[in-house]
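Structure, as C-alpha cells:
The values are calculated or read from the model by the stated rules, or taken from the named source; none is laboratory data. On a predicted model such as this, the values are computed, not experimentally measured, just so you know. A quick note on method: Cβ atoms are made from the backbone with ideal geometry, for glycine too, and the neighbour counts reach across all protein chains shown. For the accessible areas, the whole protein counts, side chains as well, though only heavy atoms, and no ligand, DNA or RNA atoms are used. Shrake-Rupley method; radii C 1.70, N 1.55, O 1.52, S 1.80 Å.
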Amino acid sequence: MKKRASKFLGAALLFAVGGASVSHAVERVKTVNLNILNPAPIITLENKSNNKHISKLDVKPTSSSMNIKVDGLITCKKNHTAYMSFIYYGLVSIVQDNVNVSLTLHGDEVAVSNGEHGGIIENAPATHFNVPLNKIKNGHPSVKLDPVAYLESKANQYVNGGGKEIDFYKQDHTYTVQVPISLLGGCWKNSNYSKKQQKQSLKLAPVKIKYIGDKSLNDGPAVNVQLGQLGQNPTINNNQPLILNKADFQNNIPHYIGKCIPDQNPTIRVNYRGAGKGKIRFKIGDAPNFVVHNSNEISYDSSNQLNRHFDFEYPLIAKMNQYQFKEWKTINKTFGHQLTVRAQVKNDGSDTWGDWKDFDNVTFNHRCTPVVVAPIGSNGKDSINYQNGNEARGTAQSKKNKVMLKPKPQVKPERQSTTTTKPTRAGTTTLKKCASNTECTTRQ
C-alpha cells in the first residue's frame, strides 16, 4: 500500500497515511483495488447576487454535490468471502485491526467486484460516488475542498499580481484539483468476525472547479436612489454606511512544528472586504477568553481598494515562556488553538462604533519536536545530544569533564631496537557482490 500511495500522493497526504500498511499474522484479503474513471466531476460556480456591484458578489455552486465515477475489486484468500466494501472521501488508515477514518469527511457503501483466490465471483459495474459539497468544505487542510474559497484564493493571487478583482470575476475560469478517495474492503472466513481482515486502497481523483464569469459586474460608487420631493428625478447619495462583508483567515494556516520556543512568532493573514467608507478595528480571540491581537483603527474605502488584508503574529514565544502553558512543551504532542476574527466598524464622519461581530474561525496548531545538538569540537559516542525542546543539557557535565592540559616532561630518547616485527595483516570485510542491473540495497 505504501508503494502505491507514494505514486499518487504529495508529501502531505503520504505523511497522513503512513501507517496504512500493516502486517497481519493471517492474511485474509489479497487485494483491494480502486479505479477513478472519466469523466472528472465538475463543480460549477456562479455569482448569485441580484445586485451586480462587485461589493455584493455572492459566488455559490450551482449544485449541492458532485459525482465521482469509480469501480473497484476486492479479492479474498481461499475459503474466505468479502463481507464489506466502503468508499470514503478522505484518508483511511489501518493499525493492526483498528480502522481510523478520522481524516475522512464523507463515506458510503459501494458495490465493487469481488472474488476468491484470484477469481471473480461478483462482477459489479462502475458506480458513482455522490459527495455532498457542504460535508467536505470544512475539515483537515489535506482533505477538505471548499470550491468558493479556492476561487477566492485565485482571485487574491490575481489582485496581488496587479490585476483588478472585478476583471477576474467577469472572466471564466477553470481549475483542476486532486482529492483523496479511499476504498475499504474486508474479507472473513465462515462469516466469523474473529477471522476477518480489512485493507484499503487510496487514489487521487481529479475535480474541475469551473467559474462562469459575470460580465454585468460593476465597481462604480454605491448608489442610494431616493425620490425627490418635487418630481421623479433620483438623487445619488454616496455617503453609504460602511458594511464589512467578510473577514476570513488565510486558506493555508502556517501551523508551527519545531523547537519549543521558536526564533520568531508565526505570522497569520486575515483577508477582508466591505462596501462604503469608514474605519475598522479587528481583534483576534484565542479560545476560551484570550485576545492575542488588537489592531489599530484602519481606514477603509471600497471605492479605492475593495480587497484588503492585515497580518498579525500569534504570540507563541511569550506563551511558551509562561508557567501556565508549560504543558505546551510536551514533545511530539499537537496543541490546537481556536482563533476567531472579530471586527467593528465606524461610518465615515461618525463618532460611534458599531457592535463587535464574529466573522471567521480557524484552528492554529503547534507541536514541539526534539532538537538535535552537536557540541562543537566533540568526538565520540557522546557527540550528539537530544534535547527536550529548548532546555539545554550537558553544560554542567561538559564543565565537570573538562581536562587541564599540562606540558609533558622531556624524556630522554631510548635506543631503538634492531628487531624487525612483521606487520600484522589487517582484518578484511567481505563485500556482497551484486549481479548486473540489480539493486543491493534494501528498501525500508
Q.
Could you report the accessible area of residue 187 in Å², rounded to 10, computed with a 1.4 Å probe on the protein chains as they sit in the structure?
A. 0
Q: For the stretch 181-188, just list the computed ³J(HN,Hα) in residue order, Karplus coefficients 6.51, -1.76 and 1.60, θ = phi - 60°, integers in Hz, with x standing in for Gly and Pro.
A: 10, 10, 10, 10, x, x, 10, 9
Q | For the stretch 45-154: relative contact order, % (alpha-carbon pairs under 8 angstrom, 6 or more apart) | A | 28
Q: For residue 49, enumerate residues with amide H under 5 Å from its amide H, sequence gap 5+ or separate chain, H modeled in the peptide plane.
A: 58
(Q) Check which residues have an amide H placed less than 5 Å from residue 85's amide H, if you skip close sequence neighbours. (A) 110
Q: Tabulate in residue order the Karplus-calculated ³J(HN,Hα) for the stretch 158-174, using 6.51 cos²θ - 1.76 cosθ + 1.60 with θ = phi - 60°, rounded to whole Hz; enter x for Gly and Pro.
A: 5, 5, 5, x, x, x, 9, 4, 5, 5, 5, 7, 7, 9, 7, 9, 9
Q.
Given the whole protein assembly as supplied and a 1.4 Å probe, what does the accessible area of residue 193 come to in Å², nearest 10?
A. 140
Q.
Leaving ligands and nucleic acids out of the surface, order 353, 328 by accessible area at 1.4 Å, largest first.
A. 353, 328
**Q.** Accessible surface of residue 334 - all protein chains present, 1.4 Å probe, nearest 10 Å²
**A.** 70
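Could you order 151, 73 by accessible surface area, starting with the largest, using a probe radius of 1.4 Å?
Details: 151 0, 73 45 Å².
Per-residue accessible area, sorted high to low, gives 73, 151.
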Q: Could you tell me the largest-minus-smallest coordinate of the C-alpha atoms of the stretch 49-192 on each of the three principal axes, in descending order and whole angstroms?
A: 67, 31, 25
Q.
Between residue 245 and residue 304, what is the label-point separation in nm under the 7 Å Cα-to-beta-carbon projection?
A. 2.0
Q. Taking amide H positions as placed 1.01 Å from N in the peptide plane, with prolines and chain starts having none, which residues 5 or more places from residue 360, or on another chain, fall under 5 Å of its amide H?
A. 341
